[in-house]
Amino acid sequence: MPKGKDSSNANDSRFFTTQKKGELHELRMELHATEKQVKVDAVKKVIASMTVGKDVSSLFTDVLNCVQTGNIELKKLVYLYLINYAKTQPELTLLAVNTFVKDSNDPNPLIRALAVRTMGCIRVDRITEYLCEPLGRALRDEDPYVRKTAAVCVAKLYDIAPDLVAERGFLETLHDLISDSNPSVVANAVAALSEIAEASGKDVMKISAAVLQKLLAALNECTEWGQVFILDSLAKYTPADGREAEGIIERVTPRLQHANSAVVMSAVKVILSYMELMGSSNSDAIRALTRKLAPPLVTLLNSEPEIQYVALRNINLIVQKRPHILENEIKVFFCKYNDPIYVKMEKLEIIIKLVSEKNIDQVLLELKEYSTEVDVDFVRKAVSAIGRCAVKLERAAERCIGVLLELIQTKVNYVVQESVIVIKDIFRRYPNRYESIIATLCDNLDTLDEPLARASMIWIIGEYAERIDNADELLDTFLETFEEEDPAVQLQLLTATVKCFLKNPEDTQDMVQRVLDLATEESDNPDLRDRGFIYWRLLSTDPEAAKMVVLGDKPVIEDDIFKLDPSLLNSLIGQIATLSSVYHKPPDAFVVRRAAGTGLGGDEDDDEDDYEAENDVGGEDLLDIGGMGISDGGLYEPKAPMNKVVGPEKSNGIEVHAGFRQLNGTIRLEMDIQNISSQASVHGLAIQLNKNSFGLSPASQQIVCNPPIPTGGSGSAAVELVVTPSMLAPMPPGQPANPQVQVAIKNMATGNVFYFAVIFNLDALFSQDGTMERSAFIETWKSIDDRNELYGTVSDLPPSNVDIESVINKFKGYNCFFIARRPVPNAEGQEVVYFSMRTVTNMEFLAELTFKQGVNATKICLKTEKAAYAPLAKAALESMLRA
Amino acid sequence: MISNFFVLSPRGDTIIAKQYRNYREGGTGAHERSHTEAFFRKIKFWDEMNLTPGGEETSSDQQKSGEKQQKTGDAPPVFMMPDGLSYLHVKRNGLIFGCAAASNVSAVTIIDLLSTVARVFKDYCGTLSEEAIRKNFILLYELLDEMLDYGYPQITRTSTLKSCVYNEPIVVENIGSTSNMINPKTASANSVHKPVISSVNANGRKTDSNANQKNEIFVDILERLNVLFSANGYVLNSTIDGCIQMKSYLAGNPELRLALNEDLIIGKKESGTYGSVNVDDINFNDCVNLNEFESARTLTFVPPEGEFVVLNYRLTGDFNTPFRIFPSIEEVDSKTLEITILIRAEMPQNHFGANVSVELPLPKCTNVAHCNVISSPGTGYTNAEFVRSEGKILWTMKKLPGGTEQTMKAKVSLSQACTTQIRREVGPINLNFEIPMYNVSKLQVRYLRIAESMAGYTPYRWVRYVTQSNSYVCRL
């Protein structure tokens, strides 16, 4: 280009620049300079202003002109500029499309890759069509650097135009890249496929035996990031059987030695997920593996604190799932003086998980030491940990209490308060055992100024009122400030006063009257008023009954504050190393879904409801016909066994029949409601469940009756239930589980509340994945002790209900899965059939049913480790047979 | 993977920001600067109410609502912000390397990635400081483009990156913020502040071995000790975190052979023969070839350019602690405490502890404390004084030779009568030190050779052993 033209250009533009644009103008001049170094410096200056937020988009064409150069440094700088505007001003970037297309044919692979990489970042529909051609070429480029860039670019394109990716066959090409000779290309192809799989919800990865071998081979060659991508995709794959799982584990185990903690964590994830599949027959192999897992996990604790934190959150999951792995390593979780607070808190949590009778003395010494540190929250957590150890280890409880008493002597305000709170828990766990320390606690009444500590202390006074000489005086001092107290304290105060009254009626008559007045008349808090009224009525009608209710035995508590629900835990183990494992929440709980799909989901729900309603209409008639539904070959759909649970006399004119069943994987409480004499038509109900043996709670508290049920009419309603550990009622050991689920219903029309109990049929809890391998079944069957066997006979069955084929089909509808059948040797016409069931709470049941030709009866033999639930499972089988 | 990447200065200014994904339709929505500002405020004023990273309320949170302690602790490295994105960050030299992610990404990978980016930045700039980053930002953006594509980590090895990066680093004079601590003999390899120089010149042609570059390799055998003593001098807990790290400036990337002790035993359970070196666990860098490790305890590798860790090892339990601490507290009268601390150096006489400092926290109600050091000869300058602003006695010794001991007596007068609680506020004693040319585990480099004989290739090899305190604490 002749020099003259450059300068004339510059001269021309001088006419158009105002004074304000002086700086930009100067830059523009420099961009058009002939000297290379000046140009380079100019582009650098442009980028500099860009990064501090100045608008240099007016120089776009000038910068773009510089791209026509053989100088790579300059070219890269121009692309640095372009890539920034590709994000914010895509329209401008369209001007550069020709440059991109041209550069994607450049002889230098760096430039080819640069062009493809930059084009992928421009989120404009119009550009995608230009992109396809160069991308297709880049995916088959001879240079691996270009291919690896192109692989990521497919993921970018999928984000803008998924259809285009499918249309152009890029997914197949990507899949071919898994067998690429260059490990970085393999890694990026795997990363891109995983991302597309997640975005589309389809299995685009399609791991076959051949692909698996390639992935495992690439694992040894890749960079650390490639290894992570491959391991993460392996973790999502389900091996065909135990042997394959073991084979993969063997190839993955050397990764545990890797210096990169991400590789180690991903390898741990693969191994733990696959271990599940190895089956109990491989207990030796599993034990050997758990031994191998401990050192790398411990080594993670020597990394930077940030890694330690993530590692500790994961170890928390691992020790819940497989406590043996780290049972001898508790010392490494002791806090260091200079650990950041977030690491210390996580370490404490793990110490409590690992504490045992063997190491309790060491742990107590350590926790006591922590209680003198400066950080208040850490100290509190350490004190509360001492109490949790006591609740967890019966034999060490006394020692723990000793330490707590020592701490109370220090008179440090927050230490005392925290101690009182945990001592209450210890009293709950071991009633009537350690009351001797109450005196010490009472000495510290004045220091308690936090609601929870006050409430705990008041609870203790009420519970042990008969052993504290001046219990009524103590309560009286609290009562003086009743109105200013926190609601939690008020509730405790109310209960404690009533307890005190029941134990010592003479001296406390006035006091109980005063507190009942305060609760029912002065307070605006509905909980407090309700509780006040209940006590009042109880006391006025039947003091003996009141005694039984208020002073009754309380269920035993456990240290399970931070224990995760087994099904959640299992799913989190599959998420090790991810954010999900750090938050201890499933991914759906925090990942923001993209707009698509949500609307669809809503529609689906509606459909389901409609379908449900139709079904219920037909249900009435079918009930009488019995097992007729079985013969049509389709999947049997279980009905909820409906029983009358409440009559009109208790519920202000509403009769309810209720039962449980599972439909499409959700547990439902179904109710037939007859409005016998309620004045208003029933249009909506609110429901609440009491804690129960199954952890059931309603997914939504509102039930809408559509159409409303007028007086004299009837209708049905269903509510979806979910299982949450917090709703699990504590169970005394050795007792069978209580099958009752207590329900409270509020009729929204009248505001009337009524209560009833429904017997839970366990089959509603059977999960859809309850089937197991035949070999695993045999192993499990053998491993369960004979004492945990339960026998029974179901007789007087209709003939159609003892046909084995139809029983198998019917049971499948109940998620009770057929394993095997065989004739009984030496017994003509007898046959045994085996079934397996697993509840959504992960309890396994194995059943053996014996049928004899011509006999309308079946013998049941049931095996399970969960003896408490065995009678319920047996009852469920019986009703399933009769259905 | 990650949606953006940013580096924030200690004051919260965005120094480097790069965006990889948009999640809102029609605009930059989710990752504007205002979001990194919100993020910075969050970690700056992290209150303990948020200790559960998922943001859920736990029972312990509620109990605190009554008496809220306005305290700011370190924010955990992973948490969720109200914009629905998870933010991950690491702190290096006061700078915050962070990023946001919208999906359920691998947290470990990202934290690792952030540390790696910080390390590569340091390799290229020579030092990691706000000024160095600001001066070199074009180079760093270029590096970032190669290291991350669409939020996925790509090339992160300094040596591989050299082939695709064109900008030259601008060296920043290191204003000795750390130099006052560093004794030349204990300076670790990572204190060599020399940027890696791009191997391609402006014409895009590779320049082979740079003539004016000195062939040097720095090898550190670095051990950090975590030791906890009880008040009567027993060791309660002790571990060594060790590593061999290198910084290579060798031209032509020759293959190296590094030999360790022949009697090195790995694994806790096997009891070694007397005098053997025993470590619990060891892990190696990717580039290390372990073919001869089992038989001869020899590693071969081509050292990647820049700083890297060859191997990490860990040792728990029995080893000879280099320093013993013997404290005693005496209540002279109700308001006066006399505290005596004896420190004995137990390593061989030809070694010494350097920059030894002893911290002793005192009760809040301390009026004044008089310290008096009784030193044995040859120990050099020592000083002990009560630092009121930090509420503790700081006792420093330039040098503490092996086999000697020092005693410090402090007379502490309190503003109120001493109770058990006040006594508990004394301590724990924290010891910081470095021991040059000495390591506790006895792990040694037998030799470091260049594998194939390259004629006339005589690199400078700097092999150093350094023992440092990580957490060296004595309870009272």
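Derivation of every value follows stated rules applied to the coordinates shown; laboratory data play no part. Only a predicted model underlies this, so the values are computations on that prediction, with no experimental measurement involved. Neighbour counts run over all protein chains shown; Cβ positions are idealised from the backbone, glycine included.
Fewest to most neighbouring Cβ within 10 Å: what's the order for A:TRP536, A:TRP225?
Working: A:TRP536 18, A:TRP225 26.
Fewest-to-most ranking of A:TRP536, A:TRP225: A:TRP536, A:TRP225.
Electrostatic tally near A:VAL722: other residues with Cβ closer than 13 Å to its Cβ, Lys and Arg +1, Asp and Glu -1, net -1. Listed by chain and number, the lysines whose C-alpha is less than 16 Å from the C-alpha of A:LYS353, apart from same-chain residues fewer than 8 away, are A:LYS321, A:LYS331, A:LYS344, A:LYS381, A:LYS392, A:LYS563.
The string of couplings for region A:221-236 from the Karplus curve (6.51, -1.76, 1.60, θ = phi - 60°) is 9, 5, 5, 4, 5, x, 4, 5, 4, 5, 4, 5, 6, 5, 5, 7 Hz, one whole number per residue in order, with x for Gly and Pro. Net charge of the neighbourhood of B:ASP149, taken over other residues with C-beta under 10 Å away and scored Lys/Arg +1, Asp/Glu -1, is +1. Extents of region A:642-760, largest first, come to 47, 30, 23 Å (Cα atoms, principal axes, whole angstrom).
Normalized C-alpha radius of gyration of the protein assembly as shown, against 2.2 N^0.38 Å? Write out the running numbers ahead of the final one.
Working: Rg = 36.2 Å, N = 1359, 2.2 N^0.38 = 34.1 Å.
The value comes to 1.06.
Listing A:PHE818, A:PHE851, A:PHE501 from fewest to most neighbouring C-beta atoms within 10 Å gives A:PHE818, A:PHE851, A:PHE501. Taking amide H as placed 1.01 Å from N in the peptide plane, B:GLY402 has its amide H under 5 Å from the amide H of B:HIS351, B:PHE352, B:GLY353, each at least 5 places away in sequence or on another chain. For the listed residue pairs A:LYS44/A:LYS75; A:LYS45/B:LYS44; A:LYS782/A:LYS859; A:LYS36/A:LYS148; A:LYS202/A:LYS236, the alpha carbons are over 23 angstrom apart in A:LYS45/B:LYS44; A:LYS36/A:LYS148. On the beta carbon distance between A:VAL556 and B:LYS364, with R0 = 45 Å, the FRET formula returns roughly 0.60. Computed from Cα atoms, the angle from the helix A:283-300 axis to the main principal axis of chain A rounds to 60 degrees.
Under the Kirkwood approximation applied to all pairs of distinct alpha-carbon atoms, what is the hydrodynamic radius of region A:297-426 in Å? Numbers along the way, then the final one.
Values: mean 1/r = 0.0673 Å⁻¹.
So the Kirkwood estimate lands at 14.9 Å.
Relative to the longest principal axis of the Cα atoms of chain A, the long axis of helix A:774-783 lies at roughly 40 degrees. Close amide H contacts of A:SER767 (hydrogens built in the peptide plane, cut-off under 5 Å, sequence separation of 5 or more or a different chain): A:ARG838, A:THR839, A:VAL840.
As a test of the formula, what do you get for chain A when each DSSP H run with n ≥ 4 contributes -39,500 (n - 2.57) and the sum is divided by the residue count, at 222 nm and rounded to the nearest 500 deg cm²/dmol? Don't skip to the end; give the middle numbers.
On the way: 37 runs with 464 residues, N = 883.
Helix-only estimate at 222 nm: -16500 deg cm²/dmol.
So what is the relative contact order for region B:323-436, in percent, with contacts set as C-alpha pairs under 8 Å and at least six apart? Walk me through the numbers before you get to the answer.
On the way: 276 pairs, mean separation 43.9, N = 114.
This gives 39 percent for region B:323-436.
Under the criterion of Cα pairs below 8 Å and six or more residues apart, the relative contact order for chain A equals 5 percent.
Here the residues A:PHE845, B:PHE6, ranked from fewest to most Cβ neighbours within 10 Å of their Cβ, fall in the order B:PHE6, A:PHE845. Coupling constants for region A:641-646 follow from the phi torsions by the Karplus curve (6.51 cos²θ - 1.76 cosθ + 1.60, θ = phi - 60°), and in residue order they are x, 8, 10, 5, 10, 8 Hz; glycine and proline get x. Using 0.36 nm per residue and subtracting the Cα-Cα separation, the extra length available between A:ALA729 and A:ALA48 on full extension is 238.8 nm.
Taking the average, over residues, of other Cβ atoms within 10 Å as the packing measure, peptides A:457-464, A:97-104 rank A:457-464, A:97-104 from highest down. So what's the gap between the Cα centers of region A:841-856 and region A:248-262, to the nearest angstrom? Distance between centres, Cα-based: 44 Å.
Here the Karplus relation 6.51 cos²θ - 1.76 cosθ + 1.60, evaluated at θ = phi - 60°, turns the backbone of region A:32-37 into coupling constants of 9, 5, 8, 6, 4, 5 Hz, with x for every Gly and Pro. In terms of Cα atoms, the Rg and Dmax of region A:450-541 work out to 11.9, 36 Å. The amide H of A:PHE760, built 1.01 Å from its N in the peptide plane, has A:GLN740, A:VAL741 as neighbours under 5 Å, considering only residues 5 or more places off or on other chains.
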